[in-house]
Amino acid sequence: LTGCESDPPGRAPASEPAVAVADSVAGEVEAVYVPVYSHIFFRDSTRSVDLATTLSVRNTDPDAPIQIDAVRYYDSDGGLVREHLRRPIVLGPLASRSYVVEERDRTGGVGANFIVEWRGEGASPPVIEAVMISTASTQGISFVSRGVAIQ
């Protein structure tokens, strides 16, 4: 698993970081469930394809920051596999943060999921989705899973 945050080549870094350690953003904590797959079956239950997963958390508000309080990765049995944040972070307006589960990591299983907790008083809800992909030789598979608010 890897957290990704970098400026594109040839572009100067923003004057204020898009991702910062949180001081505190007001608002009630909201939770979002995102289904993901470490692998999927094809033809029958004995053949599978491993998938790389990128979880993307995107602040859709052009004016207000949001705070990400938790990013948790769970397996098919509902067991916590990984906690991705040591402390809350703030995403600036229109900023995003990504988390990667590597293709060879099958710990989540076919019923894996992320729970993302966020807050932002008056802010637009973030878009939280996962992109799963695998390529081999001349073939590839990819699909997107969008998060759903829970509680």
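Taking region 32-48 as the range and being farther than 20 Å from E117 by Cα, in contact with a Ser or Thr (Cβ under 8 Å, 6 or more places away or on another chain) and surrounded by fewer than 16 Cβ atoms within 10 Å (Cβ to Cβ) as the test, the residues that pass are I40, F41, F42.
Here T60 meets the list (1) assigned to a strand (DSSP E or B); (2) open to solvent by less than 60 Å² (accessible area, probe 1.4 Å); (3) at pLDDT 95 or above almost entirely, failing just condition (1). In region 83-100, the qualifying residues are those that are assigned to a loop (DSSP other than H, G, I, E, B) and not hydrophobic (A, V, I, L, M, F, W, C), and the one that is farthest from A26 (Cα to Cα) is H84.
Going through region 66-82 one residue at a time, which ones are more than 17 Å from S145 (Cα to Cα) and in a loop (DSSP other than H, G, I, E, B)? Residues satisfying the conditions are D77, G78, G79. Residues that are of a type in the set (V, I, T), within 18 Å of S38 (Cα to Cα) and either surrounded by fewer than 14 Cβ atoms within 10 Å (Cβ to Cβ) or out of contact with any Phe, Trp or Tyr (no Cβ under 8 Å at 6 or more places or on another chain) (or both) occur at least once in region 137-146. For region 71-125, the set of residues classified as open to solvent by 30 Å² or more (accessible area, probe 1.4 Å), under 12 Å from the mean Cα position of the chain (by Cα) and farther than 16 Å from V32 by Cα consists of V100 only.
Of all the listed residues (V29, V25), the sole one being touching an Asp or Glu at 6+ places or on another chain (Cβ under 8 Å), of a type in the set (V, I, T) and open to solvent by 50 Å² or more (accessible area, probe 1.4 Å) is V29.
Residues of region 34-51 that are under 30 Å from A123 (Cβ atoms), of a type in the set (A, V, I, L, M, F, W, C) and part of a strand (DSSP E or B): V34 alone.
The values are calculated or read from the model by the stated rules, or taken from the named source; none is laboratory data. Worth saying up front: this structure is predicted, and the values here are computed from it rather than measured. Neighbour counts are summed over all protein chains in view; Cβ atoms, including those assigned to glycine, are modelled from backbone coordinates with ideal geometry. Just so you know, the surface numbers come from the protein's heavy atoms only, side chains and all, with ligands and any DNA or RNA stripped out. Shrake-Rupley method; radii C 1.70, N 1.55, O 1.52, S 1.80 Å.
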